[in-house]
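Asks: Got a structure for you, questions after.
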Amino acid sequence: MKLRYSTTSPFVRKCMATAIEAGVVNDLELEKANPWDPDTDVIEQNPIGKIPALTRDDGSILFDSPVICEYLDSLGKPPRLFPPEGDARWRAMTRMALADGLMDAAILRRRELMRPTDERSSWWAERQLGVVTRAADAMEQDAGTYRGIDIGLLATAVALGYLDFRMPDFAWREGRPDLAAWYEEFSSRPSIRNTEPYE
Ligand SMILES: N[C@@H](CCC(=O)N[C@@H](CS)C(=O)NCC(=O)O)C(=O)O
């Protein structure tokens, strides 16, 4: 199976980390993509024009990252990152949605600030910063209950790693001691250590 990827995308990182946790990372062929290039061919796999996109061995295509992660997880041996049912599933899925929402907002803010000065909307950039701040605060509130690993916690670690990578001045650890302590330990997992983003 082939994954359209970049080394900077947190959504791709979430999939790579899932593949490592599931023990299927060696089954992934990686093909680089730049979804921001106006001529990007990623739209051949994903009409939305975003990465990650996964082409399975039968030619069928999966996106977006929650779908790809659940598929990769299903290929591995239990215990699964996606709890099959019950409260544990809804908690993990909601935590992933929070982490994904943080990543979406951080990316939108970054892209806004990359526009020419006279086209930039500070209102829009501030709005996205508000999302990032509230999401990180919600994670801090919840961090005392984080246990073990599931897709929600993996996504949370990837989201925080993205803040370190692209928004170091945001200093998310300040005022969020429980989250910082949890991340310190969780990020020593090989799936997080071996998928650090880089330009
Ligand atoms: N909901 C998507 C978000 C993926 C996403 O935003 N990917 C970024 C790269 S990190 C992208 O391809 N952006 C291109 C664009 O927005 O046009 C997912 O979970 O896979």
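The values are calculated or read from the model by the stated rules, or taken from the named source; none is laboratory data. Please read these numbers as outputs of a predicted model, since none were measured by experiment. Here Cβ is always computed from backbone atoms with ideal geometry, including for glycine, and neighbour counts include all displayed protein chains.
Asks: Can you pull out the residues in region 170-197 that are of a type in the set (Asp, Glu), outside any loop (DSSP other than H, G, I, E, B) and touching a residue at least 12 places away in the same chain (Cβ under 8 Å)? So that I can check it myself, show each step before the final result.
Replies: Here is the first cut: in region 170-197, the residues of a type in the set (Asp, Glu) are 174, 178, 184-185, 196.
With the extra rule that they be outside any loop (DSSP other than H, G, I, E, B), the set shrinks to 178, 184-185.
Within region 170-197, just Asp178 meets the criteria.
Asks: State whether one or more residues within region 26-41 are near the ligand (Cβ under 10 Å from one of its atoms) and either among the hydroxyl-bearing types (Ser, Thr, Tyr) or crowded, with 20+ Cβ neighbours inside 10 Å (or both).
Replies: yes
Asks: Among the candidates Asp64, Asp104, single out the residue that is in the same structural domain as Asp142 (by TED's automatic domain parsing), near the ligand (Cβ under 9 Å from one of its atoms), under 13 Å from Ser9 (Cβ atoms) and modelled with pLDDT of 95 or more.
Replies: On the way: Asp64 fails: in the same structural domain as Asp142 (by TED's automatic domain parsing).
So the residue among Asp64, Asp104 that is in the same structural domain as Asp142 (by TED's automatic domain parsing), near the ligand (Cβ under 9 Å from one of its atoms), under 13 Å from Ser9 (Cβ atoms) and modelled with pLDDT of 95 or more is Asp104.
Asks: Evaluate region 11-21: report whether one residue or more is within 15 Å of the ligand (Cβ to nearest atom), assigned to a loop (DSSP other than H, G, I, E, B) and surrounded by 13 or more Cβ atoms within 10 Å (Cβ to Cβ).
Replies: Filtering region 11-21 down to residues within 15 Å of the ligand (Cβ to nearest atom) leaves 11-19.
Of the ones still in play, those that are also assigned to a loop (DSSP other than H, G, I, E, B) are none.
Checking region 11-21: not a single residue is within 15 Å of the ligand (Cβ to nearest atom), assigned to a loop (DSSP other than H, G, I, E, B) and surrounded by 13 or more Cβ atoms within 10 Å (Cβ to Cβ).
Asks: Pick from Gly76, Gly101: which is within 15 Å of the chain's Cα centre (by Cα), within 28 Å of Leu54 (Cα to Cα) and either of a type in the set (Val, Ile, Thr) or surrounded by 13 or more Cβ atoms within 10 Å (Cβ to Cβ) (or both)?
Replies: Checking each option against the conditions leaves just Gly101.
Asks: Given the conditions (1) surrounded by fewer than 21 Cβ atoms within 10 Å (Cβ to Cβ); (2) outside the structural domain of Val132 (by TED's automatic domain parsing), and given that Thr94 satisfies all but one, which numbered condition is not satisfied?
Replies: (2)
Asks: Sticking with this structure for a sec: Select, from Arg109, Arg115, Arg91, Arg95, the only residue that is within 24 Å of Thr133 (Cβ to Cβ) and part of a loop (DSSP other than H, G, I, E, B). Please lay out each step first, then the result.
Replies: Working: Arg109 fails: part of a loop (DSSP other than H, G, I, E, B); Arg91 fails: part of a loop (DSSP other than H, G, I, E, B); Arg95 fails: part of a loop (DSSP other than H, G, I, E, B).
So the residue among Arg109, Arg115, Arg91, Arg95 that is within 24 Å of Thr133 (Cβ to Cβ) and part of a loop (DSSP other than H, G, I, E, B) is Arg115.
Asks: Out of region 76-97, which residues are closer than 24 Å to Leu30 by Cα and touching a helix residue (DSSP H, G or I) at 6+ places or on another chain (Cβ under 6 Å)?
Replies: First pass over region 76-97, keeping only residues closer than 24 Å to Leu30 by Cα: 76-77, 80-82, 96.
Selection gives Gly76, Arg80, Leu81, Phe82, Met96.
Asks: Among the residues of region 144-169, what is the count of those that are in a helix (DSSP H, G or I) and within 18 Å of the chain's Cα centre (by Cα)? If you could, list the steps in order and put the result at the bottom.
Replies: Just the residues of region 144-169 that are in a helix (DSSP H, G or I), to begin with: 144-145, 151-166, 168-169.
The next check asks that each one be within 18 Å of the chain's Cα centre (by Cα); those that pass are 151-166, 168.
Residues flagged as in a helix (DSSP H, G or I) and within 18 Å of the chain's Cα centre (by Cα) within region 144-169 amount to 17.
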